[in-house]
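Single-structure report; data block below.
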Amino acid sequence: MTAITAENLIKDFGDFRAIDKISLSIAGGEITAIVGPNGSGKTTFIKSILGLVKPTSGNIIVNGVKLNGTFKYREQIGYMPQQASFPENITVKETIDLLCDIRNKTGDLSEELINKFNLQKEYNKKIKTLSGGTKQKLNAVIAFIFDPEILILDEPTAGLDPYASGILKDKILSVRKGGKTILLTSHILSELEDMAENVIFLLEGSIRYNGKVNDLIERTSSSNLERAIASLISGVAV
Amino acid sequence: MKVLSKIVKYQLQDAFRSRWLAAYTLFLIVFSYGLISLTGDSSKVVLSLMNLVITIVPLISIVFGTVYIYNSRDYIVFMLSQPIDRKILFLGVYLGMCISLAAAFITGIILPILFYANYFVNNLADIFIVLISGIFETIIFIGLSFYIAIKNDNKLKGFGISIFCWLFFTVIFDGILLMILQQFQDYPLEKVSLLIISINPIDLARIWITLSYDISSLMGYTSAVIKDIYGTGWGSFITILLLTVWALWPLLLGLRNFNRKDM
C-alpha cells in the first residue's frame, strides 16, 4: 500500500529550483528516511507533503487524497518539526489542549512518551520557561499523541539528550510495528540505518536513490549507510 | 467558526499574560491619569487623548503586529501542519491581536476617566468617539503590520517598512498635502484635498474627533473643509465608512498573501 505519492513534483523559489521533477511512492507501514546534503530539497519536499509549500507543478497524493489546498488530510499526519515554537505565555497543558481542540479529539494523555519523558511535572509551566530539550520532548509528544497514520519527523532527535533520544527511537520503532508510515530525516545516518527500511537520497532537488537501505549499502559496496551516501555524493552510480 | 473561536481563545490567553501588553496598558493608564490630573480641563484632555490615538496607538499596533508575526513564524508553520484552514489560522491570530491590543487601549483610557468620572459628564460622546477611533487605528495598523510582515521574509526590511508606514501617515503625508495645497493655492482644492486625506487613516481619525468636537476650524485646513462640505453628521458617517474600508483592505490583502505563501 502506498501512503504518499509524488508525481513530477517541481518547486521553484524564484530562479532557484528546489525540487526538480520528483516522482516517487512512499510505502505505507514502513520507515522511510529522506537524506541529502543541506539545500538538497528535503525540507521543501516534507513541507510540500504538509501543504506548507505549494508546488510549482506536479501532484502529491496522501492516503488517496490529492492535495490542492485541502487541509483535512492532515488529521492523519503527526508532524515533528526540527524546532517547534508555541505561544510562550501558555502552559504545556494548554498547548496540548489547543491541539486537541483544533483536532476535535481527546489526545491520549496516558501516552507512553508523556510518562517516559516525565512531562506531567511540566504541565503547568509556561512554554517560555522550558528548556530547548523539554520543548523538543513536547514537540515529539504532540506528533504521536493523536495516533496518526503517517508520522513526519524532521531531525527528531536533534536537541534531545541521549536518554530521551533512545526513548524516542524506541517509540518510532514500536509505532512502525503498529503499521504506521514514518517519514524521517536526520543528519545522523547511523541512527537512520538502525531504524529505516527505505532511503530516498536527494541531491540538488532530484532523487539519486530511492530504495531499500540494505540494497544501497550493497550496491555501493559500502560498510554502512554513511559511507554509501558518501559514495553517492562523490558520484558513484547505483 | 468553532476552530476560529478556539484559536482566538488561546491567542488571548497568551496575549493577556504577556508583559508587553501589560506595559502598554500601564503606559496608557499613567498617560491618561497624568493628563487628567495635570490639566483638569476635560476638553483639553480629550484633545490630548486624540493625539495619543493618532500617534502612539498606530505606532504600538504596527510594531507589536510586525514583531509578533516574525517571532511566531515557527508557531504559525507548526499550526499549519495541523488540520486547519490557512484563512482560519490567519484570522484567529489577527483577531487575537486586535482584541488584546484594543482591550489594553480601552482599559488604559477608561480606568483614569472613571476615576475622574464627574469631570467628563459633558464629554461622554467625545470620549466614546476617541475610544472608537483608537480601536479603528489599532485594527488598521495591525492589519498593515500583518500584511507587511507576511509579504517580507526579511525581518529588518519588514520592520523598516512598518516604521516608515507609520511615519508616512503621521508626518510625511501631511507635509505632502501642505505642499500640494501651497503649490496649487490659486485653484479650488477643497474636493481634491478631501479625496487626498481620505487615503490617510490617521487624518480620518483626527477629522472624526475634531468634527464631533466643533473645533475643526482650529485643527487644520482639511477638517474645516470636511465640515464645510458635509456638516458634522455626514462628515462623521463618511469618515467611519472610510475607516471601515481602511480596516478591511490590509486584512484582505494579508489574508490573500498568507493563503498563497510558502511557509
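The values are calculated or read from the model by the stated rules, or taken from the named source; none is laboratory data. Note that the structure is predicted; figures quoted are calculated from it, not measured. All Cβ positions, glycine included, derive from the backbone under ideal geometry; neighbour counts span all protein chains shown. Note: accessible area is taken over every heavy atom of the protein model, side chains too, but ligands, DNA and RNA are not part of it. Shrake-Rupley method; radii C 1.70, N 1.55, O 1.52, S 1.80 Å.
Check A:Asn118 against each of (1) modelled with pLDDT of 90 or more; (2) under 22 Å from A:Thr157 (Cα atoms) and name the one condition it does not meet.
Result: A:Asn118 passes all but (1).
Would you be able to tell me the number of residues in the range A:158-191 that are under 17 Å from A:Asn118 (Cα atoms) and part of a loop (DSSP other than H, G, I, E, B)?
So the count comes out to 3.
Within the range A:3-22, track down each residue that is touching a residue at least 40 places away in the same chain (Cβ under 8 Å) and not hydrophobic (A, V, I, L, M, F, W, C).
A:Thr5, A:Glu7, A:Asn8, A:Lys11, A:Asp12, A:Arg17, A:Asp20, A:Lys21
Please find, among B:Gly235, B:Gly158, the residue that is modelled with pLDDT of 80 or more and in contact with a Lys or Arg (Cβ under 8 Å, 6 or more places away or on another chain).
B:Gly158
State whether the residues of the range B:160-175 include one that is open to solvent by 30 Å² or more (accessible area, probe 1.4 Å), within 22 Å of B:Ala15 (Cα to Cα) and in a helix (DSSP H, G or I).
No: zero hits.
List pairs: first in the range B:113-135 and on the phi < 0 side of the Ramachandran plot, second among the basic types (Lys, Arg), Cβ under 9 Å, 6+ apart or cross-chain?
B:Ser133/B:Arg206
On the given criteria, is A:Ile188 at pLDDT below 90, open to solvent by 10 Å² or more (accessible area, probe 1.4 Å) and under 17 Å from the mean Cα position of the chain (by Cα)?
yes
For the range A:39-150, which fully contained helices (runs of 4 or more DSSP H) count at least 3 residues that are surrounded by 18 or more Cβ atoms within 10 Å (Cβ to Cβ) and more than 12 Å from chain B (Cβ to nearest Cβ)?
Filter on the range A:39-150 gives A:132-144.
Can you name the condition, by its number, that B:Lys2 falls short on among (1) within 14 Å of chain A (Cβ to nearest Cβ); (2) crowded, with 18+ Cβ neighbours inside 10 Å?
The failed condition is (2).
Given (1) more than 14 Å from chain B (Cβ to nearest Cβ); (2) at positive phi, identify the lone condition not met by A:Val35.
(2)
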